[in-house]
Amino acid sequence: MKRRCVEVDERALHKMIGTIIDPERLEDDCAVIPCGDGRLLVASTDMLHETTDFPAGMTDWQIGWMATAVTLSDIASMGARPGQVLLAVGLDRPERLRGIMEGARDCCARFGAELVGGDLDAHGELTIVSTGLGTVEAAQIVRRRGARPGDIIAVTGPLGEAQAALVGYDRHWKELLEPQPRVREGMALARAGVSAMMDISDGLALSLYDLLGVNDCGFSVDTARLPLPAGVPEDEGRELALYGGGDFELLFCAPPGILPVAGVDVHVIGEVIRERVVLADGEPLERRGYLHEWGG
Ligand SMILES: Nc1ncnc2c1ncn2[C@@H]1O[C@H](COP(=O)(O)OP(=O)(O)O)[C@@H](O)[C@H]1O
Ligand SMILES: Cc1ncc(C[n+]2csc(CCOP(=O)(O)OP(=O)(O)O)c2C)c(N)n1
Ligand SMILES: [Mg+2]
Ligand SMILES: [Mg+2]
Ligand SMILES: [Mg+2]
């Protein structure tokens with residue numbers, strides 16, 4: 001949530017959490033848990049609220065879908081196969097529950113997962129926490145760490161569409177309200193051997209800084225190569241593509257030789273460099289995006 005006078009943002013609080021639990025645990029989109037015979041369990045949990053995440057006009061079905069999709073996207077970003085989802089619903093009005101549950105069930109079914117449990121409580125503001133579990137071979141998991149100078153930087157689809165809808169481009173309303181996690185793409189990219197991956201729920205710029213935080217190299221993008229939202233003037237589209245949140249494309253790095261990857265829409269947007277900086281068109285990129293903040 002944006003506040004005028006920012007004292008702390010969520011990334012700063014993550015650093016504090018890293019003094020309490022192993023900071024390596026905070027480096028990826030999911031927690032990673034060994035589960036024997038060379039397989040790993042990945043787990044993600046995400047909280048969404050009516051005032052910050054569910055724009056007016058959104059249906060309850062879409063709310064259930066979105067809450068589930070954001071978690072499946074984190075599982076996809078590790079190259080894992082989604083298995084189970086649990087949905088905890090802080091419900092403001094009982095008549096909303098059926099739509100929410102049906103949206104969550106349908107999103108699970110679409111991406112090969114199963115809704116297996118959750119929690120229910122009465123709450124003043126509709127608040128949903130979705131928890132997702134997935135599995136992946138240890139040899140195949142992809143983390144945010146692993147990028148190497150000379151790798152390409154790429155994304156799986158158009159950027160800035162969700163934010164375009166929020167600023168009035170109604171043609172992107174469905175992309176905002178019914179995000180499509182790149183589950184099949186994440187698994188295919190992992191099999192192909194990408195070096196680092198995450199989703200871009202908080203926008204491209206912040207995500208590049210997240211990669212910077214856990215890699216010993218830097219990230220240089222060419223804004224002319226960004227896949228922009230359709231129907232938006234180019235300059236505004238570029239701004240939305242760099243800083244808008246709510247897109248659930250995958251951002252990854254890979255040795256150039258592995259491209260193309262069959263069945264995956266890959267847009268190369270830049271290159272991994274030695275110097276530990278994030279550059280756009282050769283200039284330092286502003287560290288800005290969708291960030292939860294606490295004001296004074
Ligand atoms: N309150 C918390 N306690 C422990 N780990 C957390 C907490 N919040 C976030 N994390 C961990 O930090 C990492 C990044 O989380 P987050 O920024 O929410 O990622 P994403 O945007 O991909 O959902 C994840 O591995 C997540 O499990
Ligand atoms: C008012 C509003 N702004 C933006 C979005 C798009 N959106 C949905 S989830 C999300 C970001 C991810 O949410 P967050 O709670 O930060 O989850 P995480 O980064 O932990 O996955 C955004 C920007 C939205 N749905 N509504
Ligand atoms: Mg993520
Ligand atoms: Mg999260
Ligand atoms: Mg976030």
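The values are calculated or read from the model by the stated rules, or taken from the named source; none is laboratory data. As the structure is a prediction and not an experimental result, all values here were calculated from the model. Please note: Cβ atoms are built from the backbone with ideal geometry, for glycine as well, and neighbour counts cover all protein chains shown. The accessibility values were calculated without ligands, DNA or RNA, using every heavy atom of the protein model including side chains. Shrake-Rupley method; radii C 1.70, N 1.55, O 1.52, S 1.80 Å.
Taking the criterion of being of a type outside the set (A, V, I, L, M), over 20 Å from the mean Cα position of the chain (by Cα) and not assigned by TED's automatic domain parsing to the domain that holds Asp247, would at least one residue in segment 61-70 satisfy it? Steps first, please.
Here is the first cut: in segment 61-70, the ones of a type outside the set (A, V, I, L, M) are 61-62, 64-65, 68.
Checking the rest, the ones that are also over 20 Å from the mean Cα position of the chain (by Cα) come to 61.
Cutting the leftovers down to not assigned by TED's automatic domain parsing to the domain that holds Asp247 gives us 61.
Yes, segment 61-70 has at least one match.
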**Item:** Every residue from segment 174-187 that is crowded, with 18+ Cβ neighbours inside 10 Å and in a helix (DSSP H, G or I)
**Value:** Glu175, Leu176, Leu177, Val183, Glu185, Gly186, Met187
**Request:** Under 7 Å between Cβ atoms, at least 6 apart or on separate chains: pull out the pairs that start in segment 167-185 with a residue that is farther than 30 Å from Ala196 by Cβ and end on any residue that is outside any helix (DSSP H, G or I) and among the β-branched types (Val, Ile, Thr).
**Result:** Tyr169/Val232
**Asked** Which one is nearest to Ala241 (Cα to Cα) among residues in segment 274-294 that are within 16 Å of ligand 5 (Cβ to nearest atom) and outside any loop (DSSP other than H, G, I, E, B)?
**Response** Glu293
**Item:** Which listed residue is part of a loop (DSSP other than H, G, I, E, B) and farther than 24 Å from Ala80 by Cα, from Gly168, Gly245
**Value:** Gly168
**Asked** How about segment 98-129: which of its residues are open to solvent by 40 Å² or more (accessible area, probe 1.4 Å) and part of a helix (DSSP H, G or I)?
**Response** Arg98, Met101, Glu102, Arg105, Asp106, Ala109, Arg110
**Request:** Could you identify the single residue in Asp235, Asp216 that is outside any loop (DSSP other than H, G, I, E, B) and open to solvent by 30 Å² or more (accessible area, probe 1.4 Å)?
**Result:** Asp235
**Request:** Return a yes/no flag: does segment 261-268 have any residue that is closer than 24 Å to Ala162 by Cβ, within 16 Å of ligand 3 (Cβ to nearest atom) and either in a loop (DSSP other than H, G, I, E, B) or out of contact with any Phe, Trp or Tyr (no Cβ under 7 Å at 6 or more places or on another chain) (or both).
**Result:** no
**Request:** Answer yes if at least one residue in segment 5-15 is open to solvent by 50 Å² or more (accessible area, probe 1.4 Å), under 19 Å from Pro179 (Cβ atoms), free of Cβ contacts under 8 Å to residues at least 40 places away in the same chain and away from ligand 4 (no atom under 13 Å from the Cβ), and no otherwise.
**Result:** no
**Complete:** Note: among Glu50, Glu24, just one is charged (D, E, K, R), away from ligand 3 (no atom under 16 Å from the Cβ) and more than 27 Å from Met101 (Cα to Cα), namely Glu24
**One residue from Arg39, Arg110, Arg96 being more than 16 Å from ligand 4 (Cβ to nearest atom) and either at pLDDT below 95 or closer than 16 Å to Thr135 by Cα (or both)** = Arg39
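The rows are residues; the columns are (1) within 26 Å of Glu286 (Cβ to Cβ); (2) more than 15 Å from ligand 2 (Cβ to nearest atom); (3) among the acidic types (Asp, Glu).
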| position | (1), (2), (3) |
| --- | --- |
| Gly124 | no, yes, no |
| Ser130 | no, no, no |
| Gly157 | yes, yes, no |
| Tyr169 | yes, no, no |
| Leu177 | no, no, no |
| Arg184 | no, yes, no |
